[in-house]
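Visitor: If you scroll down you'll find the structure; I have some questions about it.
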Amino acid sequence: MRKYRSASGLGIVAAAAGLALAAGSPAVAAAPNAGVGLKATGIIPIAPTVVSTSPGTSPNHLASVNFAPLLSTGVIDTAADSTSAQAAVHNLSLALAPLLSLRVGTIESSCSYDPDTDAVTGDADIADGRLVVLGTPVVLQPNPAPNTTLDLASGLGTLTLNRQTVAADGTLTVDALSLNLLGLEKVDVATSVCNQADLS
């Protein structure tokens, strides 16, 4: 004698199996909020330096860094908590002789999540910034608007101030300064990353 399962019975079995799989699958955790002093990719790579995260370790401080021949800095401070992050770099000196040189007294970024409005906002500031490209000086204005982009002379690349990007999940990344040279070297200074969520 053949035995048949009813459609309703098969549906119950499938639903139960689906629940079991869901229970056994871990939820995707949000990336931590983060403050990063600097990083570089390309011909001269520099791993993320002076990194604070939440959850994780925060704040962090370093008296100076020297990645000759590309760049050096004075004090770097970063911090992150469940709803915010910040990064500050002092006395940045970056040089790619004879093409360009960049000096900034203080460069900083910050971001924060407001649970009342469910909004993530960010900002960046630059003090005493001066760029020289092929011998031509350019003064960097403080409090740049988001994604202020300067095209460097002779097609050398771009310098973006207060670079802000938003991921598909709402995470905001603020790079106070992002330098892209001929697509061969990319340097990001004073980066803050905030989720669109309270991570506490």
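The numbers here are math on the coordinates, done by the rules we state, and not lab data. In this text, all values refer to a predicted model and were calculated from it rather than measured experimentally. All Cβ positions, glycine included, derive from the backbone under ideal geometry; neighbour counts span all protein chains shown.
Visitor: Give me the dipole magnitude in Debye, nearest 20, for the chain about the Cα centre, with unit charges on the beta carbon: positive for Lys and Arg, negative for Asp and Glu. Intermediate values should be presented prior to the final figure.
Guide: Working: 8 positive and 15 negative charges, 212 e Å.
For the chain, the charge dipole is close to 1020 debye.
Visitor: Right, another one. Here are a few candidate values for mean projected area of the Cα convex hull in nm²: (1) 16.4; (2) 11.1; (3) 17.0. Which one was actually calculated from the structure I just gave you?
Guide: The value matching this structure is (3).
Visitor: Quick one: which of 83-93, 62-72 comes out on top by average Cβ neighbours within 10 Å, and what's the full order, highest first? Don't skip to the answer; put the middle values down first.
Guide: On the way: 83-93: 22.9, 62-72: 13.7.
Ranked from most to least packed, the peptides come out as 83-93, 62-72.
Visitor: I want to check the label-to-label distance for A30 and D128. Put each point 7 Å from Cα in the C-beta direction and report it in nm to one decimal.
Guide: 3.7 nm
Visitor: Report, by chain and number, residues whose modeled amide H sits under 5 Å from the one on I46, excluding near sequence neighbours (fewer than 5 apart, same chain).
Guide: Sorted by chain and number, the residues that satisfy this are A40, T41.
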